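Peer 1: Please find one structure pasted underneath; my questions will follow.
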Amino acid sequence: MASNQNTTNKTVICPHCGREVPPVKRCPHCGQILPKPEKMNGKKYKLTPVEIFLLVLGGIMLSVALVAL
Ligand SMILES: [Zn+2]
C-alpha cells in the first residue's frame with residue numbers, strides 16, 4: 001500500500017484570481033493576501049462506549065487475575 005501523504009501538499013484556490021496556489025500567505029499570482037485554509041480536522045480521537053467498556057473489563061479481568069494468583 002502506498003502511503004497517501006498528499007495532505008502536506010494541498011493547494012488552495014485564491015479567492016481573488018481563482019487560481020490554484022500553494023497555502024502561502026500571499027497569492028503568487030495576484031499578490032493578494034490569502035485567507036487561512038480551514039482546518040479539516042474536526043475529528044478528534046474519541047473513545048467509543050464499547051472501547052471504554054473493554055478497557056474497564058480489561059482492568060477488572062487484570063485485577064481479578066492478580067488477586068487469583
Ligand atoms: Zn490570486
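Each reported figure results from applying straightforward, stated rules to the coordinates on display, with no laboratory input. Predicted model only: the values in this text are computed from it and were never measured. Because the Cβ atoms are built from the backbone with ideal geometry, glycine has one as well, and the counts that use them run over all protein chains shown.
Peer 1: On a full-extension model of 0.36 nm per residue, what is the gain between residue 25 and residue 55, subtracting their alpha-carbon distance, rounded to one decimal in nm?
Peer 2: Stretched out fully, the residue 25 to residue 55 stretch lengthens by 6.3 nm.
Peer 1: Among 20-31, 50-61, how do they line up from the highest to the lowest mean number of other beta-carbon atoms within 10 Å?
Peer 2: So the peptides 20-31, 50-61, ranked by packing, come out 20-31, 50-61.
Peer 1: When Lys and Arg each count +1 and Asp and Glu each count -1, what net charge do the other residues less than 14 Å away from residue 21, Cβ to Cβ, add up to?
Peer 2: +4
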